1. I need a count of the residues in region 90-102 that are surrounded by 18 or more Cβ atoms within 10 Å (Cβ to Cβ) and under 11 Å from the mean Cα position of the chain (by Cα).
2. What are the residues in region 75-94 that are free of Cβ contacts under 8 Å to residues at least 60 places away in the same chain and part of a strand (DSSP E or B), if any?
3. For residue 25, work out the one condition from (1) touching a strand residue (DSSP E or B) at 6+ places or on another chain (Cβ under 8 Å); (2) surrounded by 13 or more Cβ atoms within 10 Å (Cβ to Cβ) it doesn't fulfil.
4. Checking the structure you have, find out if any residue of region 64-71 is touching a residue at least 24 places away in the same chain (Cβ under 8 Å), under 21 Å from residue 25 (Cα atoms) and in a strand (DSSP E or B).
5. Which of the residues spanning region 10-39 are at pLDDT below 95 and assigned to a strand (DSSP E or B)?
6. Can you find, within region 103-124, the residue that is farthest from the chain's Cα centre (by Cα) among those that are surrounded by fewer than 14 Cβ atoms within 10 Å (Cβ to Cβ) and free of Cβ contacts under 8 Å to residues at least 24 places away in the same chain?
């Protein structure tokens, strides 16, 4: 089975430094396809790329985010949403139905996002 699919993501927390992990309440969707990532949530869009280690199932990712709406939105780090570059890894399960992500904000490595991903649909 290919990892190429539509995935739902649920942010499970974030780290703002000194090991302080807080719960985050946000989610969105991403499409993983042909070494590319596309997606978004209520306030931001995501585009990026990944490299896959076939042995471990781990994806090394770089994702650019941008803001498409600020109405009622707040970043999971607090404050208004803002464009960021996220770098890190997504570990895909052996059955390729779930995954976990740990992504740092480029330039602010103390700001780390944790998320759970669930495969929701195959690509057309």
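1. Count: 3.
2. 85, 86, 87, 88, 89, 90, 91
3. The failed condition is (2).
4. yes
5. Of the residues in region 10-39, the ones at pLDDT below 95 are 10-28.
Across region 10-39, the qualifying residues are 10, 11, 12, 13, 14, 15, 21, 22, 27, 28.
6. Among those residues, the one meeting the criterion is 124.
Table: residues versus (1) without any contact (Cβ under 8 Å) to a residue 12 or more places away in the chain; (2) under 14 Å from the mean Cα position of the chain (by Cα); (3) surrounded by 14 or more Cβ atoms within 10 Å (Cβ to Cβ).
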| residue | (1), (2), (3) |
| --- | --- |
| 8 | no, yes, yes |
| 34 | no, no, no |
| 37 | no, yes, yes |
| 46 | no, yes, yes |
| 60 | no, yes, no |
| 73 | no, no, yes |
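The values are calculated or read from the model by the stated rules, or taken from the named source; none is laboratory data. Being a predicted model, the structure only gives us computed values, none of them experimental. Neighbour counts run over all protein chains shown; Cβ positions are idealised from the backbone, glycine included.
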